[in-house]
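The values are calculated or read from the model by the stated rules, or taken from the named source; none is laboratory data. Note that the coordinates shown come from a computational prediction; the quantities given were computed from them, not determined experimentally. Methodologically, a virtual Cβ is constructed for each residue, glycine included, from the backbone with ideal geometry; neighbour enumeration extends over all protein chains shown. These area figures cover heavy atoms from the full protein model, side chains too; ligands, DNA and RNA do not enter into them. Shrake-Rupley method; radii C 1.70, N 1.55, O 1.52, S 1.80 Å.
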Amino acid sequence: PGEPWHLVDDTGALPLVKGAHLELLAVSGGRPVPVAGEWDGYELLPLVAWLDGRAIPLAGGVHG
């Protein structure tokens, strides 16, 4: 709960850019999905997620 939201796997967690969790939740339906993005040393901007074998571009990659 609270800000910032984090992208988590078995090795750790990275804080997400504010608001990025909304699109990830919408795309994934809350399921774990592979994600690629840009890390600036402080927070992760998700750019693409993979769902059912398809790459789903995220708005952060278009408007970020």
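Quick check: is even one residue across region 16-24 at pLDDT 95 or above, assigned to a loop (DSSP other than H, G, I, E, B) and open to solvent by 80 Å² or more (accessible area, probe 1.4 Å)? Within region 16-24, not a single residue is at pLDDT 95 or above, assigned to a loop (DSSP other than H, G, I, E, B) and open to solvent by 80 Å² or more (accessible area, probe 1.4 Å).
So for region 30-43 (the condition being under 15 Å from E3 (Cα atoms) and either in contact with a Leu (Cβ under 8 Å, 6 or more places away or on another chain) or charged (D, E, K, R) (or both)), does at least one residue qualify? Yes; the residues of region 30-43 include at least one that is under 15 Å from E3 (Cα atoms) and either in contact with a Leu (Cβ under 8 Å, 6 or more places away or on another chain) or charged (D, E, K, R) (or both). Scanning region 3-11 turns up no residue that is at pLDDT 95 or above and among the aliphatic types (A, V, I, L, M).
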